[in-house]
1. Once you keep just the Cα pairs under 8 angstrom separated by 6 or more residues, what percentage relative contact order results for the range 249-366?
2. What are the residues whose amide H is under 5 Å from the amide H of Phe21, where those residues sit 5 or more places off or on another chain and H is modelled from the backbone?
3. Just how much of Glu69 is accessible, in Å², when a 1.4 Å probe is used and the result is rounded to the nearest 10?
4. Which order do you get for Arg76, Arg224, Arg102, Arg52 if you rank them by accessible area with a 1.4 Å probe, largest at the top?
5. Among the listed pairs Lys70/Lys338; Lys55/Lys325; Lys9/Lys70; Lys75/Lys270; Lys75/Lys325, which are separated by more than 28 Å between their Cα atoms?
6. Over all alpha-carbon pairs in the range 245-366, figure out the percentage whose distance exceeds 24 Å.
7. From the gyration tensor of the Cα coordinates in the range 206-300, what semi-axes in whole Å does the equivalent ellipsoid have, largest first, with each one equal to sqrt(5λ)?
8. Quick one: Karplus J couplings for the range 258-274, per residue in order, coefficients 6.51, -1.76, 1.60, θ = phi - 60°, nearest Hz, x for Gly and Pro?
Amino acid sequence: MATEQEICKNCEQAFNTNFNFCPNCGQQAKDDLTVKVLFYNTISNYFSFDARFFKSFFPLLFKPGYLAEKFIEGKRLLYLHPAQLYLFISVVFFFAFSFIQRDQIQSLDESLAKTLKQENVLDTISDTRERDSLKMIQLKKKMVEDSLARAELRQALDDNKVFHGFSETQIDSLVNAPDFKRNGAMNFDFNEKSIDSLIAMNAPQEIILKEMGLPDDAGAIKRRLYEQALKFYKSRKGGSILQAFYDTIPIAMFFLLPIFALLLKLFYRKGGSFAHHLVFSFYYFSFLFTAFSIVIGVNFILDIPDWIDALIAISTFIYLLIALKRFYNQGRFKTFFKGSVVTFLFLIFVAPFTAFILGMFAFLFY
């Protein structure tokens, strides 16, 4: 008696209708699409959120170095893959951290709004003649060190009525004033009143940049820095820069993590290939993100005292030492020395340099 056959919707191969799964590709035979199925498949496909996650989660927290050790031994299906575990936990961490970002960005904007109060020098001058004259002089300040500038200013004295009442001596004193001189070096210590006035009169950006000190022979990077500085000065908000900085951190982690593995490789040259150190780094950074995610979650409910935060930070270093000892199987003294040096190099040199690069990138492209 022939058995009834069913065609798999995925691989289009025939199989017995009594089977719950296709023997060729493994897809469920009767997989009705529901909201539950939709989200379960999404999570399981991209994050492998199944029994392996729970089998990996508790050893990750309470058995330092255990998962990395077992993965190197060859038990790679029993526990979640290190890269998958890191990806899932990092997504959770940065999602939780986004709520802190929002508060910090809002607080920064409010602080800058109070401290960088704009003062327009034109508003302090009541005389119409003086206000018009000041506008003309400010538009000419970008050329004050050029002899042609002086000639044009003196010509304006004769041709433009707004200069009536000002002598050549007064014009010369203005163009020779210290505030008018620029040495070509990048210096954002500009005259704020003058910049405020130029912005208020909708002066061209090129004139404002010159007033800020942008030299004529400035390269693309220096010009970009001055343009972004002007953009920041106009908005009086630093939240956009901070947001751009935070947005680049997840990408930077994909460079920081291999660098951490490289430091381990330098101090544990007999500890296996670079891939071995990378496996350890994936699991260790997964632990860090897990610990910080828990801290953020608890802080949403109640405010953790600072001494507890400090204790948690110290515990992550102790966790590292225990994990190193277990994974590389060396003595306590060697483990403490190497772990301390690796941590020192990473926190004192690698992390600050990365923060500087991220800060520059955020400022240039926010």
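The values are calculated or read from the model by the stated rules, or taken from the named source; none is laboratory data. The structure presented is a predicted model; accordingly, all values stated were derived computationally and were not measured. Quick note on the areas: whole protein, heavy atoms, side chains included, nothing else; ligands and nucleic acids left out. Shrake-Rupley method; radii C 1.70, N 1.55, O 1.52, S 1.80 Å.
1. With pairs under 8 Å counted, the relative contact order is 28 percent.
2. Sorted by chain and number, the residues that satisfy this are Ala29.
3. The accessible area comes out at roughly 50 Å².
4. Arg102, Arg76, Arg224, Arg52
5. Lys9/Lys70, as the Cα separations exceed 28 Å there.
6. Taking all Cα-Cα pairs of the range 245-366, the fraction more than 24 Å apart is 36 percent.
7. They are 42, 22, 7 Å, listed from largest to smallest.
8. In residue order, the calculated couplings are x, 5, 4, 5, 5, 4, 5, 4, 5, 9, 10, 5, 9, x, x, 6, 4 Hz.
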